[in-house]
Amino acid sequence: NDSAKPKYYVLDMFPYPSGAGLHVGHPLGYIASDIYSRYKRLKGFNVLHPMGFDSFGLPAEQYALETGQHPATTTEKNIATFKLQLDKIGFCYDWDREVRTSDPQYYKWTQWIFLQLFNSYFDTKTNKAKLVTELIKTFETEGSTNNQQRTTDNFTAEQWNTFSKKEQEEMLMNRRLAFSKYGEVNWCEALGTVLANDEIVNGVSERGGHPVEKKKMRQWYLRITDYADRLLEGLETVDFSESMKEMQKNWIGKSEGAEMDFKIVRRESSGVNVDPASKEAPTHDSPLTTHDSPLTIHASPLRVYTTRPDTIFGVDFMVVAPEHELVSQITSAGQQVAIDEYLAYVKSRSERERLAEAKTITGCFTGAYAINPFDGREIPIWIAEYVLAGYGTGAIMAVPCGDQRDFAFAKHFNIPITNIIGAHYNGEEANSTKEAVLENSGFLNGLLMKDAIGIALKKIEELGIGKRKVNYRMRDAGFSRQRYWGEPFPIIWSDGIAIPLDAEELPLELPHVDKYGPGPDGEGPLANIKEWVDVRRNTPDGVFNTNTPQGVFLQEGRRETSTMPGYAGSSWYFLRYMDPHNNQTFCDRKASDYWNQVDLYIGGTEHAVGHLLYSRMWTKVLFDLGLIGYDEPFKKLLNQGMIQGSSRFVYRILPTYLIQRDAELDNYESKLDPIFISKIQYDGIKDNNIDPVDFLLARSEDEGINKWFFEKYSMDKIGAAVTPIHVDVNIVNGVELDIEAFRNSRPEYKNAILVCEDGWVSHPGGKFTLYISGAETEKMSKSKFNTVNPDDLVLKYGADTFRMYEMFLGPVEASKPWDTKGIEGVHRFLRKLWRLFNDDIKGKVWNEDKATDAELKVLHRTIKKIEEDTERFSFNTAVSTFMICVNELADLKCHKKEILEKLLILLTPYAPHIAEELWHQLGNEGSILDANYPSFNPALLVESTKEYPVSINGKLRTNMQLALNLEQPQVEELVLQNEIVQKWLEGNQPKKIIFVKNKMINVVI
RNA sequence: GCCCAGAUGGCGAAAUUGGUAGACGCACUGCCUUCAGGUGGCAGCGUUCGUAAGGAUGUGCAAGUUCGAAUCUUGUUCUGGGCACCA
């Protein structure tokens, strides 16, 4: 933390230490960051390159639930495995700075930062977080002014002072950055627990397939929406990929539009407008006067949000989210049954499903109407799941001619469609253009839609029926989980008031539990530990009281039983690395000022919207509170691609007769050896629709295919099925199956019969033949048997080969399938490099002779290219450059220390072990990491001539060696004399000759 | 459904600013070294016509801009990723 050198902070996204250990996909980003760290160090920087573990999380808890092992134990074990694996690859992490989010000494500060969030509010005047204590002061003297917070529950100073303690706390809670309110969770009654979206498949729980429904529970949230604008603006100042920025922008989803109020009317008598059994919708032009029942105007209006107020005359119906509070109030008696049924259906569906299955159209008419304020039309109000309660006002005005979803809905329920865009609407699909001229649109007629937006908005505001409104798709981040393995909240509930612990009481350690099942009433496992939950705190005066900052004596309370989500610890870990052992503060200001922002952050795109947004928000809050000096944590983000697994398949052919379990064949497994057919036969069967039975019959001629079976049972009575089965990629060489290894992989494959590529049948101890397996690219995963363990490769080829091969696969950002085969090439390169220094027979061959110009040229071309490629993270081309360099030096028979020594320094970030070893063989003391990075001398690469490509009409025809100082006229003259050019000219003059110096020549004829 | 990214030999890929498409590596073929295998070395290797010289063609598909397009523009097809409690 103390250095005269410029600093450089290289950070990897820290891993969740899963039990499966590392596969070859994980180290990709780590290798890139390690190369860059070493490179920066050689370039004279003070480099911070730490590593740690995101060790709280659901999988460990799930595992605990199944096996009874404490998550702390399994986590500890998994971390040990991870570290062992990482160390084998030779990463230069500063393990002295390791952090673990589940370590009490770490989460002490996660809890502490949570308290800062709890004790802060967002001041909309300054767009900054401020302390709640300041807010209380202004409340006492000025009341709430509504320009300091976004909430609308306003009061005067007098009112504030007469509020009860509880009422005051409620007002404050509505403003805190970390706050608690009732929110919906996925509740699974059968499991008695709250489920993550990921734990729900097709609307039922992944475990056990039990129904899941929405349930309102008290939850903690972070008021990230207040930071929406700053999170958007901050994107302009950071170096993230465009797609990453785009994803964040979409997530935040800022849109500008209007909120409008519509009067609601309804008739009290039942079944007047609509037969509940019919899907037929009422039409807006059915005159109210034909109905004899009294018309009532509902007290509160329907508030909708729209980005297109210009389409107000095209509104044919309204859609309200099923959860909307108005639904129960406005539903007519006649529609009550239908609405209730619909609500029950919606309750069973997750939000993701509702959006994803937008194609299936569902909805229900409420029996109420909204009145269009401009033309008085009655607009039927429906509820439908495609409108979400959480976005906008939870209600929309539907314009079927302009919005595809509205259009589909109108078509489905036979709602008449008003066309306000003339020929732009074809009746077949909606058109969301803004370029059309409005028709059937009252005072907006004849206006271009994009101009009409502003005019309509102005009118709406003038009439006082609505106002401009900026909306965000992003919602406040849910911050509590009904789980065990996470940070406990430093909060005590007493009489409905959330009381924060004092900083001195942190960390609030996670208590030990014996069971990891849920607590009562949907609470987390912590609720089961009564002695932990019920608190009486000793105050200095010796009474079982607590003196809160607000001056209330607390007799007893109940701890918050939910825990923080996975992203809590990862939202600030980059700060802890700067000052990991400090027990006075989360990170000393001096340390964070010195290391400042993360210069290079490397990780996967999967964190685009979660982790990256949360950590950006936390950084902004800490900045606002003056605890750190910058409000964007990551200067540059590099996303590594995913390494996909290459799965291999064998094709098992199985008579379906066996599946029917004939009594005689109960023990078939012992008699019938599994039969596998090769890829070519599988394709043949599939492509030509061959009946697998016919195939088997034909093969049964061969000895060995369970002759007894085919003799005993007539094959035409039984069918057969072919199933592709994953086979461990590690026992397949390319696509060629290692038959022996396959037979040994599972007991039931011991006597497997393999119908091989050439048609020969392989049985145990039989002919040597070739079985080609099928191949497919999929996500790397244990269950698909396509994982490749880096340990095996490091053992076989060494860490340097492994590192360079991972880089050589392709650009870091690209996703690519793993193929171990090519690793030989990189290994050969390193051996070839070694032979520049040492001969297998002669031993040492390097010498101290003076380098020739040709050798220097090779070296300096390499210096230039390696530096350029490393700087732009093009590690794959850098590896190629090293190969070219070594090939050329070998061709030149160059064994000169003067050249090789510099090459080693260039190589050391990529292949640190061999570089260090050879560095010492050359007689150097100390680590090669302390060497001076060689500087590139352009003078050595200056050429006097160039081999120009000469094209005729853009097609390359020949090359010409020309002096570089030649200008156009001289070049033209020389080109015209060229034999091949003359041949193509056939005696004519060219139209023109294009000459780009140092590039090419093109003759146009 | 919405959003984003990508598509180049048998395979992974390169081409940094519109200027010699396929660098580098794998696989494959032939040869040298060896008793043999491995290692190491030399040569060939987009497709196609041709003994060769040489020609035609070629960066998912279709069109356009340009002396010149993998690269720019428009449309289109396919593939991968993300879309609020796995991490």
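Under the classification rounded if a/c is under 1.5, otherwise prolate if a/b is larger than b/c and oblate if not, where does region A:820-917 fall, given a ≥ b ≥ c as square roots of the Cα gyration tensor eigenvalues? Please report the intermediate quantities before stating the final value.
Numbers: a/c = 1.79, a/b = 1.20, b/c = 1.49.
Note, shape of region A:820-917 comes out oblate.
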Quick query: amide H of A:W493 versus all other amide H atoms, modeled in the peptide plane; which residues come in under 5 Å with a sequence gap of 5 or more or a different chain? A:I499, A:R558, A:R559, A:E560
Only four residue types carry charge here, +1 at the Cβ of Lys and Arg and -1 at the Cβ of Asp and Glu. Report the dipole size of region A:360-498 about the Cα centre in Debye, rounded to the nearest 20. 320
Amide H within-cut-off set for A:Q644, under 5 Å, with H built and near neighbours excluded: A:K816, A:W818
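Could you put A:H324, A:H726 in order, starting from the residue whose Cβ has the fewest other Cβ atoms within 10 Å? Kindly include the intermediate steps, with their values, before the conclusion.
Numbers: A:H324 21, A:H726 18.
In increasing order of surrounding Cβ atoms, one gets A:H726, A:H324.
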Which trypsin sites (Lys or Arg not before Pro) in region A:900-1005 sit in a loop by DSSP (not H, G, I, E or B) and have at most 11 other Cβ atoms within 10 Å of their own Cβ? A:K991, A:K999
Output the peptides A:430-440, A:619-629 sorted from most to least packed, where packing is the average of other Cβ atoms within 10 Å over each peptide's residues. A:619-629, A:430-440
Per-residue ³J(HN,Hα) for region A:98-111, Karplus 6.51 cos²θ - 1.76 cosθ + 1.60, θ = phi - 60°, Hz, x for Gly and Pro: 3, 10, 10, 5, 8, 7, x, 5, 8, 6, 3, 7, 5, 5
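Given +1 on the Cβ of Lys and Arg, -1 on the Cβ of Asp and Glu, and no further charges, what dipole in debye does region A:3-117 carry about its Cα centre, rounded to the nearest 20? Mind dumping the intermediate values first?
Details: 12 positive and 11 negative charges, 137 e Å.
Approximately 660 debye in magnitude.
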Signed unit charges on C-beta, dipole axis of region A:213-259, positive-most listed residue A:Y221, A:N250, A:L231: A:Y221
Just how far, in whole angstrom, is region A:566-612 from region A:398-475 if you go by their alpha carbon centroids? 46
Based only on other Cβ atoms within 10 Å, what is the fewest-to-most ordering of A:W382, A:W532? A:W532, A:W382
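Readers should treat all values here as calculations from the given coordinates under stated rules, not as data from a laboratory. In this text, all values refer to a predicted model and were calculated from it rather than measured experimentally. No Cβ is skipped: glycine too gets one built from the backbone with ideal geometry, and neighbour counts run over all protein chains shown.
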